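The values are calculated or read from the model by the stated rules, or taken from the named source; none is laboratory data. It should be emphasised that the depicted structure is a prediction, and the values quoted were computed from it without experimental measurement. Note that we place each Cβ from the backbone using ideal geometry, even for glycine, and neighbour counts take in every protein chain shown. Areas reflect the complete protein model, heavy atoms only, side chains present, ligands, DNA and RNA absent. Shrake-Rupley method; radii C 1.70, N 1.55, O 1.52, S 1.80 Å.
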There are 4 protein chains.
Amino acid sequence: MIGVGVVGYGYWGPNLVRNLCDLPEVQLRWICDLQTERLAGVRRRYPSVEITEDFQTLLADRQVDAIAIATPVATHYSLAMQALKAGKHVFVEKPLADSADKAQRLVEEAERRGLILAVDHTFIHTGAVRKMRDIVQSSLGQIYYYDSVRINLGLFQHDVNVIWDLAVHDLAIMDYVLPQKPIAVSATGMGHVEGEPENMAYLTLYFPGRMLAHIHVNWLAPVKVRRTLVGGSDKMIVYDDLEPSEKIKVYDKGITLSSPPARRGEKFRQMQIGYRTGDMSAPQLDMTEALSRELREFVAAIDKGIPPLADGQAGLRIVRMLEAATLSLSRQGAAVELQPERVPA
Amino acid sequence: MIGVGVVGYGYWGPNLVRNLCDLPEVQLRWICDLQTERLAGVRRRYPSVEITEDFQTLLADRQVDAIAIATPVATHYSLAMQALKAGKHVFVEKPLADSADKAQRLVEEAERRGLILAVDHTFIHTGAVRKMRDIVQSSLGQIYYYDSVRINLGLFQHDVNVIWDLAVHDLAIMDYVLPQKPIAVSATGMGHVEGEPENMAYLTLYFPGRMLAHIHVNWLAPVKVRRTLVGGSDKMIVYDDLEPSEKIKVYDKGITLSSPPARRGEKFRQMQIGYRTGDMSAPQLDMTEALSRELREFVAAIDKGIPPLADGQAGLRIVRMLEAATLSLSRQGAAVELQPERVPA
Amino acid sequence: MIGVGVVGYGYWGPNLVRNLCDLPEVQLRWICDLQTERLAGVRRRYPSVEITEDFQTLLADRQVDAIAIATPVATHYSLAMQALKAGKHVFVEKPLADSADKAQRLVEEAERRGLILAVDHTFIHTGAVRKMRDIVQSSLGQIYYYDSVRINLGLFQHDVNVIWDLAVHDLAIMDYVLPQKPIAVSATGMGHVEGEPENMAYLTLYFPGRMLAHIHVNWLAPVKVRRTLVGGSDKMIVYDDLEPSEKIKVYDKGITLSSPPARRGEKFRQMQIGYRTGDMSAPQLDMTEALSRELREFVAAIDKGIPPLADGQAGLRIVRMLEAATLSLSRQGAAVELQPERVPA
Amino acid sequence: MIGVGVVGYGYWGPNLVRNLCDLPEVQLRWICDLQTERLAGVRRRYPSVEITEDFQTLLADRQVDAIAIATPVATHYSLAMQALKAGKHVFVEKPLADSADKAQRLVEEAERRGLILAVDHTFIHTGAVRKMRDIVQSSLGQIYYYDSVRINLGLFQHDVNVIWDLAVHDLAIMDYVLPQKPIAVSATGMGHVEGEPENMAYLTLYFPGRMLAHIHVNWLAPVKVRRTLVGGSDKMIVYDDLEPSEKIKVYDKGITLSSPPARRGEKFRQMQIGYRTGDMSAPQLDMTEALSRELREFVAAIDKGIPPLADGQAGLRIVRMLEAATLSLSRQGAAVELQPERVPA
């Protein structure tokens, strides 16, 4: 039995609580939130769970083995570091921290203490994204581009811009799906409310070779779009997360190159570029709730010491990209290099 | 009766010919193309039209009042300039020329001689784009952004990159729809075939104030998308050219700002950002074929001396953006300023 | 405070329980189910609610004012009648009973005792259906037809055919939305599994005047469709329940009639039938969860003695249609007349 | 070289003319129409084709080998019979005639004279329908149902009801795709304009065994739908003709039957019905214009004496269904038996 405390009961916390309650190997002991009015309904719904405003209570409870953090981004580092120092395993909502430096320190602290540090990159636990990874790595051939759009009329965050709020999902998915890692990022964007962070942004990620990634995020769009294209030399994928069941479509399409016979008026060296359009197929997907799978994996990681899919290193890579993108935003889109990933211990 | 000659009978030329034949005030006299095999079927289908490989024949025919050019981009300048110098009115397929300098010289030549110079920015003659312009200028309030995606598995051009082939449409539409003009452009892209121009690109256009435009074009996409979003302070538009009838949707959506009462733990100055979601409506559109309307307008311009909607100046503005975007491409996305528009004579 | 007991904790019961727990004026006292393994998780989640296998316990509890029934259709009559006779208000999952005769007896029993009898016609409490009713009754002009499709790969029921399982929703919506009542029904269908009820069916409902309704239901379809068309002389509606937000679209379309001038070869009396196509609009909808609204209305009905929207009479009308449709099925689609509705007491 | 005359230059005739002109083995000699104003533009566009108001001229021209008929349905029999008696091969727009009796006489006349009688069942020549036939006959297993919807705001015909205008397409497709033939048909419908034929209708077709077909046609619908579902024991198909490229989708879905272990409270004999949901795939389709393929096939049939895909027998089968459906309409939906098909000579 693993004792767990949850800190933060705003938008995401209730999902953590609901899923943790359904895990037989978990005893949810505490829910902690500063806004006590949020906790009113909790007692009624989960009478066996204790509630508190004081995070120290969770740290002090020796039956708490792990702490799940679902608080504003600016508080992730402090809460996670306190939890690690108190010897607790940590599960942090994305992004891991609000700077690469802090994320790095969390990674190091967890490694030093032999504790599990997991980041809640929810989407990589969906059947759709896992299937996309399989296909990208087995069937796409050379990867040409990754293009993602994540827009809707959404909640404006005050503490982070739209990149930290929405693009974080695309970066986490991309990091998981692609074999390559980006070497630089540029970003442009705009804030339409005085004094508030950017509510729309475009990110370009540069990779070694002839590959490019691009992400469009927007809190102020009239329609909801969640669509990713991955183009390869052999096949191409469309991942549309709003499709109820056929979220992944694989297109047997591409270009073909051939040397044509010389023709009057054409240069000799020009390749002839043709088309190949074949079948489309939509593989069946595992529809298990991602968060449920993810929390089971976190519990198994604690139990068996196996690092989770989205460990601190993954969280750190994503925070580095977010930080670089925000720096590029402030430099009118100038490309910012990404530091090479630290070799895992 | 206006005598017309058409030069270029490849992809677009047959559409010009078909529409010109249907105009009662036009006598189509010549079709000219270097590839004579293309002209074989023409005699059969339009027995009253003469065909030739020699462009000079059209220039020399005194009954030819106007020349329509549908040849590769690199030849536009030379053919149009010859036509103007021979005293002919000119209708050129987009883009007007392959450099801003040449486009400028065509504009000047036409002005000097009092001849009509029209550019075939087809889309601005559709019912959808004209309706979009009306709504943008009457109902959107302050314009926040313009975002367009034009992708599909398309013909790779050898002589121009995807920006000159596809983004030219978006730039022409944007130029027509928005009251503002961009001041700088940056572009990133990639070519996936050795020795060939870029087949995918992302353009960002910078405007005075808090406004941004972005265009995504790609010849190597698994699905066809033709979708433009225009966000404003009062309303937002989705223009989906692939919808059979409801191409324009107007969303009564946006954000609202209010000063909230001070709350524990929140900074005083923070505005509260709320949402407004109202009805959506799709106005009925005029479905007349754009090219037919456009050619009638060209004929009327010749007849009455009224400049057409897409005159040489419009063509020049678009070529400047294309040129600047291509320069930015070669500079890894560095922003390139657009020269202020020359004041029309 | 109204004491409530729920009987049946299979597919729908948990939704009743969750929503009842959220109503401050309700004290959920009992959950009753014969399959005790279903109740295992209940104790954990709702420790304050008692669980039992014995329905009599609920009847005997004087603090139980109302009973909500979510059991198989065949048991509705017996449980509801026992509850009414014990002086409890009753909320029954659709359909009210498995025969019109039993439904009639429940209606009479409730009226005799002055108890609320509500039927869970969930959809009529959605924002979409309520908006559709407003538009149908205010703007459609003369109603021409009502056409609904409700198909998917769905759970095969053993105890009722697809009409009692799926068409019941369409009939309840239609009954609520249209001002007219049908006078006869015919149905054809097919069962593809030996010994099991029909898994696909087509219903036609006849109305006075030039109006027709048609319902297509199917448990064995490759795609999910939930779409209703309502055609009127002035406007037409498409209600697509799978659309995330624009579920109701109103089309300003129709035909126009005029007497044309006599033409050679045409009969004199023939009217000229033209078209009118105007704007489409999608009104904003109230997105409150229907079941929550419905249960609040049930509680208010008990409290104030106001009959609910879907009272016993509505439930009875729907059961009469279901019974007549099933009779028609067994007669190869022969039309079966519907008895005129009994005048409410 | 095959000499052809076309009679009828209204909606469909121009398509016949355009496609016939493109066939090198055809010499289009005549276009005949009673409404001379329609023929004004023809001379301009096809100067080598003669035009006439007098059908006898075509019959008398010994260089006319075949006559293509695109006139109102009521005239098909008379024109086709005259043509056959004059020794001409005949290509008739659908439906073959306005009664089964007349259709039968045309079939007999053509057989007696050894002439080709082809019916323009256009859709069976599309890549989509041919692919659907292949899949239905190779992969669907036992066929459970065929369901088709063909609705839009369409031209009201004065001379035929919506069944003869629209359902004729579905019946022709169904006749081609399914191995089985229907044994009876019932139809209900409604006309909303006084004195005019039915503008909406629902057809049910009964087959031997557990199979059912259903067709919904409507000239007065707010949206255009062209969708067919075919359900089988092994796979299911959705054919959506409005999809630009993925018109045919094959779903590896269905039900599974197993004998479950006896459970408390369940009857012993009840089968357990489970689900199977696998991949979806959309095969690549041949996008050749159907009418072009069809006319080439007609010419080849004349040339080589091979009967065309849609010969007189196919035309007759469809007319029998149309006639039976109309009879059922007039009998409030009573099922009308279809005569068994005459054995081809």
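Computed quantities for the displayed model
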{"quantity": "On Cα atoms only, tilt of B:312-330 relative to the major axis of chain B in degrees", "calculated": "70 degrees"}
{"quantity": "Coarse-grained scattering of region A:1-159 at q = 0.16 Å⁻¹, given as base-10 log I(q)/I(0) from a Debye sum over alpha-carbon atoms", "calculated": "-0.98"}
{"quantity": "Average accessible surface area per residue within the protein assembly as shown, 1.4 Å rolling probe, Å²", "calculated": "40 Å²"}
{"quantity": "Percent RCO, i.e. relative contact order, over region C:1-160, from Cα pairs under 8 Å lying at least 6 residues apart", "calculated": "18 percent"}
{"quantity": "Translational D in µm²/s for region A:144-189 (Stokes-Einstein at 10 °C, 1.306 mPa s, Kirkwood Rh from C-alpha pairs)", "calculated": "129 µm²/s"}
{"quantity": "Span per principal axis, largest first, for the Cα atoms of region B:158-237 (Å)", "calculated": "45, 27, 18"}
{"quantity": "Alpha-carbon gyration tensor eigenvalues x 5, square-rooted, for the protein assembly as shown, Å", "calculated": "56, 48, 28"}
{"quantity": "Debye intensity ratio in log₁₀ form over the Cα atoms of region B:113-200, taken at each q of 0.10 Å⁻¹", "calculated": "-0.36"}
{"quantity": "DSSP-defined antiparallel bridges as percent of all bridges, chain A, nearest 5", "calculated": "60 percent"}
{"quantity": "Pairs of alpha carbons in region B:216-259 whose separation is greater than 14 Å (percent)", "calculated": "60 percent"}
{"quantity": "Two-site FRET efficiency, residue C:327 against residue D:297, from Cβ-Cβ distance with R₀ of 45 Å, rounded to 0.05", "calculated": "0.35"}
{"quantity": "Helical contribution to [θ] at 222 nm, DSSP H n ≥ 4, -39,500 (n - 2.57), averaged over chain A, rounded to 500", "calculated": "-9000 deg cm²/dmol"}
{"quantity": "Per-residue mean of C-beta atoms belonging to partner chains within 10 Å, peptide C:274-282", "calculated": "5"}
{"quantity": "Length-normalised contact order of region D:120-222 in % [C-alpha pairs under 8 Å, at least 6 apart]", "calculated": "35 percent"}
{"quantity": "Chain D: angle of helix D:100-113 to the longest principal axis, Cα-based, in degrees nearest 10", "calculated": "60 degrees"}
{"quantity": "Interface C:A - total buried accessible surface [probe 1.4 Å, Å², rounded to 100]", "calculated": "700 Å²"}
{"quantity": "FRET efficiency, residue D:138 to residue A:53 (Cβ-Cβ, R0 45 Å, nearest 0.05)", "calculated": "0.10"}
{"quantity": "Whole-angstrom gap from region A:23-86 to region D:148-175, using each part's C-alpha centre", "calculated": "65 Å"}
{"quantity": "Rg(Cα)/(2.2 N^0.38 Å) for region B:115-272, N = residue count", "calculated": "1.25"}
{"quantity": "Tilt relative to chain D, helix D:73-85 - C-alpha long axis, 0 to 90 degrees, to 10", "calculated": "60 degrees"}
{"quantity": "Test item: B:188-197 mean partner chain Cβ contacts at 10 Å", "calculated": "5"}
{"quantity": "Within the accessible area of the protein assembly as shown (1.4 Å probe), percent carbon and sulfur", "calculated": "50 percent"}
{"quantity": "Diffusion coefficient, µm² s⁻¹, Stokes-Einstein with Kirkwood Rh over alpha-carbon pairs of region A:6-99 at 20 °C and 1.002 mPa s", "calculated": "161 µm²/s"}
{"quantity": "Descending semi-axes in whole angstrom, ellipsoid equivalent of chain D, from the Cα gyration tensor", "calculated": "40, 22, 19"}
{"quantity": "Point-charge dipole on Cβ atoms (K/R +1, D/E -1) for chain C, about Cα centre, debye to 20", "calculated": "1120 debye"}
{"quantity": "Over region A:29-83, volume per residue of the alpha carbon convex hull, in Å³", "calculated": "79 Å³"}
{"quantity": "Relative contact order for chain A, counting Cα pairs under 8 Å that sit 6 or more residues apart, in percent", "calculated": "18 percent"}
{"quantity": "Lysine-lysine proximity count for chain D, Cα under 26 Å, sequence distance 8 or more or distinct chains", "calculated": "28"}
{"quantity": "Pairs of Cα atoms farther than 14 Å apart, region A:1-57, %", "calculated": "48 percent"}
{"quantity": "For residues of C:229-239, the mean tally of beta carbons on other chains within 10 Å", "calculated": "3"}
